[in-house]
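This report concerns only the one structure given below.
The values are calculated or read from the model by the stated rules, or taken from the named source; none is laboratory data. Worth saying up front: this structure is predicted, and the values here are computed from it rather than measured. When we count neighbours, we look across all protein chains shown, and the Cβ atoms used for this are built from the backbone with ideal geometry, even at glycine.
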Amino acid sequence: MTGGKIALLITGIVVALLGLAALAGGTALLVLNHTARDSAGFFSTAAEPFAADSYALVSDDANVGTDGPDWLFEKGRLATVRLLGSNADSSREVFIGIGPTRRVRDYLAGTAYTTVRNFELDPFRADYLRSDGSSAPAAPTDQSFWSASASGQGRQTVTWDVRKGNWSVVVMNADASRGVDVRLSVGAKVGFIFWVGLGFAIVGGVLLVLGGFLIYFGVRRRTEPAGAPTLTAP
C-alpha cells in the first residue's frame, strides 16, 4: 500500500468517525425535541418546593446575551421561559414576577429576602443565601417594572420571551407578607433545538458518506490491464 493510499485511509476513518459522532448527536437532539417536551412545547421540571422565612425568594442575576445581536432576542427567537407556581397554602395568593435585576434589588433593598443560588433536581436540593433587612417591602403587584408577572390563588403561570439584559425572578406572597412557601416548576421552549439537531444529522450523514468514499479508495487495489497475447511460431 502506497503512502498516498495510507493517507486516504486514515483521513477517511477520521472523517467517518466525525460524521458518525455528528449524526448520533443530531439524532439525539431530534429525539429529545420530539419526546421530552410537553403539549405546549416546553421542557419543564416537576413542581418543586421552595421556601424561606423572608419576604421574597429571588433568583441569581441572569445575564442574558448583553453582547449578542438584537435580532436573536426578537419575539422569543432565542427561548421562552415559563414559570408555574402556587402557594403551599392554597388559601394564600402567590406572586411571580420577572424584572430587571437592578430594579428588583432596589425594590427589595432594606428588606429580608432570600436568593436561590442553585438547585439540583435528582434528588431536589436548593442552596439559599439570606440577605437581612428591617423593612417590609411594598406589595409586588403595585410595582411597574415587571417584564412579566402573575398573581392570585392556585397555580399561576408566567410566560416570558427571553430578552437582552440582567434579569431576576421574584416569588412572594401577593400581599408582601413574610414567609414564602411555594411549589414552582421551571420550563423553557427552545425553538432552535430542532434545527440544530437537523443540521448536525445532515452534516454527519454527508461526512459519513465522504469518509466511506475515502476509505474505499484507500483500500481499493489498482487492477493492472491484461497484457497483449503473445504469438508463438508454429
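Taking the criterion of being more than 23 Å from the chain's Cα centre (by Cα) and either polar (S, T, N, Q) or in a strand (DSSP E or B) (or both), the residues of region 133-148 that qualify are S134, S135, T141, Q143, S144. Restrict the check to region 169-184 and report whether at least one residue is part of a helix (DSSP H, G or I), surrounded by 14 or more Cβ atoms within 10 Å (Cβ to Cβ), of a type in the set (A, V, I, L, M) and in contact (Cβ under 8 Å) with a residue 60 or more places away in the chain. Checked region 169-184: no residue is part of a helix (DSSP H, G or I), surrounded by 14 or more Cβ atoms within 10 Å (Cβ to Cβ), of a type in the set (A, V, I, L, M) and in contact (Cβ under 8 Å) with a residue 60 or more places away in the chain. Screening the candidates Y128, Y107 for the property of being in contact (Cβ under 8 Å) with a residue 12 or more places away in the chain, among the aromatic types (F, W, Y) and more than 15 Å from E48 (Cβ to Cβ) yields one hit, Y107.
Residue-by-condition table, conditions (1) assigned to a loop (DSSP other than H, G, I, E, B); (2) farther than 25 Å from D61 by Cα; (3) modelled with pLDDT under 90:
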site	(1), (2), (3)
N166	no, no, no
A201	no, yes, no
V206	no, yes, no
F213	no, yes, yes
Y216	no, yes, yes
P234	yes, yes, yes
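If you go through region 26-40 and keep only what is modelled with pLDDT under 80 and surrounded by 14 or more Cβ atoms within 10 Å (Cβ to Cβ), you end up with L32, N33, R37. Restricting to region 175-209, what's the tally of residues that are farther than 26 Å from E120 by Cα and of a type in the set (S, T, N, Q)? Qualifying residue count, region 175-209: 1.
Being more than 18 Å from A148 (Cβ to Cβ) and modelled with pLDDT of 90 or more, is that true of even one residue in region 54-72? Yes - at least one qualifying residue is present in region 54-72. Scanning region 134-149 for residues that are touching a Gly at 6+ places or on another chain (Cβ under 8 Å) and in contact (Cβ under 8 Å) with a residue 40 or more places away in the chain returns P140, Q143, F145, W146, S147, A148, S149.
Of all residues in region 7-25, those satisfying the criterion of being crowded, with 19+ Cβ neighbours inside 10 Å and more than 30 Å from the chain's Cα centre (by Cα) are L8, G12.
Out of all the residues in region 149-164, which are assigned to a strand (DSSP E or B) and surrounded by fewer than 17 Cβ atoms within 10 Å (Cβ to Cβ)? Listed by number, the residues that qualify are G152, T157, D161.
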